[in-house]
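The values are calculated or read from the model by the stated rules, or taken from the named source; none is laboratory data. Just so it is clear, the structure is predicted and the values come from calculations on it, not from any experiment. Here the Cβ positions follow ideal geometry from the backbone for every residue, glycine too, while neighbour counts run over all protein chains shown.
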Amino acid sequence: MESDWIKKFSGTLGPLPARVLRGIGDDVACLVSPKTDNLLWTTDSQREGVHFCWDWLTPQEVGSRLLAVNLSDVYVKGGTPVSALVALGIPKNFPEERIFSFYEGLAEACRRFDCPVVGGDISRTTGGFDAVLSLLARSPAGRFPGRDCLLPGDTLYLLGRPGLSKAGYSALLSGLSAHQAMAESVSAFCRPRIYPWFSEIVREEAQVVATMDTSDGLGQAVFAMSDQSGVSVRLDPPENWLDHLQLPASLLGQEPFGMAWEGGEDYDILFAVRPDVGGGAIPRIQEQIRGEPEKLIRLGEVVARNAGDHTPTVTMTGENRRRVRLERTGFDHTR
């Protein structure tokens, strides 16, 4: 029965923190309201056949992934998670043990990131398994590094390893996932890495002026920022910025730049720093990732649009230092 499931879900998720006055089991959740913070609200999903296949991910990984993809959006904006709601669409005759394993993975992630699930919904679906999570978070009042905050002169950086998740996805799709050289890429797709510590840097470093994750591809992210800010971008990353993709790309028969620019599900962080604003964001990030596989890549600079341009121009330094105009590519859920 649904009521039995809810009781079991509640027990799996564990006790609620003091900021939650009422959680799972009532018609709504009741939370203590912050008095001085902004409230951040986001939602994202994991849909069978769109985001994952059961042959690729365990139920626990799907549950953990559901929270991670939402937390990524919150952390890049300087947010601290408060609580979450989860809505499940379950096909007929779906194995109960798979649902409970999904919740075990979700619960472990909730405990790790201090983000309790306080309610949700369960319904029947005529398609595959659907899980949608809505996440409430808080951030300091007066501080929001939006996509539309770029100005000419800002410097663009990328934190992460672009294209690695795309390599993992391609390996799973092509049957190469068991190859030892693809293990790191497959892990990047199945268990995306997110950056809770980046939230503190956003809160404390005013020179970080615009942020977003690259879950729909680096190309989509660069164009989204420049489009909404009314600017253009000149990219000039270092020559070795895609070294981590050389072997996976060779095995998959793909080109490293295409994997990084067009791929999605990376949850890397694209952000801009304003040079004339004092601060220590870059050295703090460098210190944070010391000894880790992640890279901090200086991608390029923000420039003014040419007179008469209604859309952004994104160019990149290519062979012989010639500038190449890039196209807007990446994952688009409407196509």
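Collect the residues in region 46-61 that are of a type in the set (A, V, I, L, M, F, W, C), closer than 14 Å to Pro192 by Cβ and surrounded by fewer than 20 Cβ atoms within 10 Å (Cβ to Cβ), keeping them in residue-number order. Before you say what the answer is, go through the steps one by one.
Of region 46-61, the ones of a type in the set (A, V, I, L, M, F, W, C) are 50, 52-54, 56-57.
From what's left, closer than 14 Å to Pro192 by Cβ: 52, 56-57.
Listed by number, the list holds a single entry, Trp56.
With respect to Phe129, is the statement that it is surrounded by fewer than 17 Cβ atoms within 10 Å (Cβ to Cβ), among the hydrophobic types (A, V, I, L, M, F, W, C) and either in contact with a helix residue (DSSP H, G or I) (Cβ under 7 Å, 6 or more places away or on another chain) or assigned by TED's automatic domain parsing to the domain that holds Ser10 (or both) true? Reasoning before the result, please.
Numbers: surrounded by fewer than 17 Cβ atoms within 10 Å (Cβ to Cβ): no; among the hydrophobic types (A, V, I, L, M, F, W, C): yes; either in contact with a helix residue (DSSP H, G or I) (Cβ under 7 Å, 6 or more places away or on another chain) or assigned by TED's automatic domain parsing to the domain that holds Ser10 (or both): yes.
Spelling it out, it is not the case that Phe129 is surrounded by fewer than 17 Cβ atoms within 10 Å (Cβ to Cβ), among the hydrophobic types (A, V, I, L, M, F, W, C) and either in contact with a helix residue (DSSP H, G or I) (Cβ under 7 Å, 6 or more places away or on another chain) or assigned by TED's automatic domain parsing to the domain that holds Ser10 (or both).
Do we find that Pro275 is in a loop (DSSP other than H, G, I, E, B) and in contact with a Lys or Arg (Cβ under 8 Å, 6 or more places away or on another chain) in this structure? Walk me through it before giving the result.
Numbers: in a loop (DSSP other than H, G, I, E, B): yes; in contact with a Lys or Arg (Cβ under 8 Å, 6 or more places away or on another chain): no.
No.
Quickly run through region 287-312 and pick out the residues that are part of a loop (DSSP other than H, G, I, E, B) and under 22 Å from Glu184 (Cβ atoms).
As a first pass, look at region 287-312 and keep what is part of a loop (DSSP other than H, G, I, E, B): 289-294, 305-312.
Correct list: Ile289, Arg290, Gly291, Glu292, Pro293, Glu294.
A quick yes/no check of all residues on (1) touching a Cys at 6+ places or on another chain (Cβ under 7 Å); (2) in a strand (DSSP E or B); (3) surrounded by fewer than 20 Cβ atoms within 10 Å (Cβ to Cβ); (4) at pLDDT 95 or above:
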{"residue": "Gly63", "(1), (2), (3), (4)": "no, no, no, yes"}
{"residue": "Tyr75", "(1), (2), (3), (4)": "no, no, no, yes"}
{"residue": "Gly78", "(1), (2), (3), (4)": "no, no, no, no"}
{"residue": "Val86", "(1), (2), (3), (4)": "no, yes, no, yes"}
{"residue": "Gly105", "(1), (2), (3), (4)": "no, no, no, yes"}
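Based on what the data block shows, is Val186 touching a strand residue (DSSP E or B) at 6+ places or on another chain (Cβ under 6 Å) and assigned to a helix (DSSP H, G or I)? Explain how you work it out, then say what you get.
On the way: touching a strand residue (DSSP E or B) at 6+ places or on another chain (Cβ under 6 Å): no; assigned to a helix (DSSP H, G or I): yes.
Against the criterion (touching a strand residue (DSSP E or B) at 6+ places or on another chain (Cβ under 6 Å) and assigned to a helix (DSSP H, G or I)), Val186 does not qualify.
Given the structure, is Glu262 under 24 Å from the mean Cα position of the chain (by Cα), at pLDDT 95 or above, of a type in the set (Asp, Glu) and within 28 Å of Phe144 (Cα to Cα)?
In short, no.
For region 220-238, enumerate the residues that are in contact with a strand residue (DSSP E or B) (Cβ under 6 Å, 6 or more places away or on another chain), more than 12 Å from Val302 (Cβ to Cβ) and of a type in the set (A, V, I, L, M).
Scanning region 220-238 gives a single hit, Ala221.
Only one of (1) closer than 24 Å to Phe144 by Cβ; (2) modelled with pLDDT of 95 or more; (3) surrounded by fewer than 19 Cβ atoms within 10 Å (Cβ to Cβ); (4) not small (Gly, Ala, Ser) fails for Val231. Which number is that?
Answer for Val231: the failing condition is (3).
Do you know which residues across region 103-126 are small (Gly, Ala, Ser) and either more than 22 Å from Pro17 (Cα to Cα) or outside the structural domain of Ser45 (by TED's automatic domain parsing) (or both)? Walk me through it before giving the result.
Residues of region 103-126 small (Gly, Ala, Ser): 105, 107, 109, 119-120, 123.
Scanning region 103-126 gives a single hit, Ser123.
Residues that are within 30 Å of Pro91 (Cβ to Cβ), in contact with a helix residue (DSSP H, G or I) (Cβ under 6 Å, 6 or more places away or on another chain) and assigned to a strand (DSSP E or B): does region 136-145 have at least one? Talk me through it step by step, then tell me what you get.
If we filter region 136-145 for residues that are within 30 Å of Pro91 (Cβ to Cβ), which is where we start, we get 136.
Still in the running and in contact with a helix residue (DSSP H, G or I) (Cβ under 6 Å, 6 or more places away or on another chain): none.
Scanning region 136-145 turns up no residue that is within 30 Å of Pro91 (Cβ to Cβ), in contact with a helix residue (DSSP H, G or I) (Cβ under 6 Å, 6 or more places away or on another chain) and assigned to a strand (DSSP E or B).
Please work out which one of (1) farther than 30 Å from Arg305 by Cα; (2) modelled with pLDDT of 95 or more; (3) of a type in the set (Lys, Arg) is the condition Arg138 fails and give its number.
Here Arg138 meets the rest and fails (2).
Are there any pairs with C-beta distances below 7 angstrom linking a residue in region 195-212 that is in the same structural domain as Asp266 (by TED's automatic domain parsing) and under 17 Å from Asp148 (Cβ atoms) to a residue that is basic (Lys, Arg) and at pLDDT 95 or above, with the two at least 6 apart or on different chains, and if so which?
Partner pairs satisfying both residue conditions: Val209/Arg274.
Can you tell me which residue within region 146-194, out of those that are under 15 Å from Leu57 (Cα atoms) and free of Cβ contacts under 8 Å to residues at least 12 places away in the same chain, is surrounded by the fewest Cβ atoms within 10 Å (Cβ to Cβ)?
The qualifying residue surrounded by the fewest Cβ atoms within 10 Å (Cβ to Cβ) is Gly175.
Okay, residues lined up against (1) outside any loop (DSSP other than H, G, I, E, B); (2) of a type in the set (Ser, Thr, Tyr); (3) farther than 23 Å from Gly11 by Cβ:
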{"position": "Asp55", "(1), (2), (3)": "no, no, yes"}
{"position": "Ala68", "(1), (2), (3)": "yes, no, no"}
{"position": "Phe94", "(1), (2), (3)": "no, no, no"}
{"position": "Gly120", "(1), (2), (3)": "yes, no, no"}
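Quick grid of which residues meet (1) closer than 30 Å to Val208 by Cα; (2) within 19 Å of the chain's Cα centre (by Cα):
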site: Gly63; (1), (2): no, yes
site: Val76; (1), (2): yes, yes
site: Asn93; (1), (2): no, no
site: Tyr103; (1), (2): no, no
site: Cys115; (1), (2): yes, yes
site: Asp121; (1), (2): no, no
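Just checking, which of Ser83, Ser33, Ser101 is in contact with a strand residue (DSSP E or B) (Cβ under 8 Å, 6 or more places away or on another chain) and of a type in the set (Gly, Ala, Ser)?
Numbers: Ser33 fails: in contact with a strand residue (DSSP E or B) (Cβ under 8 Å, 6 or more places away or on another chain); Ser101 fails: in contact with a strand residue (DSSP E or B) (Cβ under 8 Å, 6 or more places away or on another chain).
None of the others qualify; the one that does is Ser83.
Do we find a residue being among the β-branched types (Val, Ile, Thr) and over 29 Å from Leu67 (Cα atoms) anywhere in region 249-269? Lay out the reasoning, then the answer.
If we filter region 249-269 for residues that are among the β-branched types (Val, Ile, Thr), which is where we start, we get 269.
Imposing the further condition that a residue be over 29 Å from Leu67 (Cα atoms) reduces the set to none.
Checked region 249-269: no residue is among the β-branched types (Val, Ile, Thr) and over 29 Å from Leu67 (Cα atoms).
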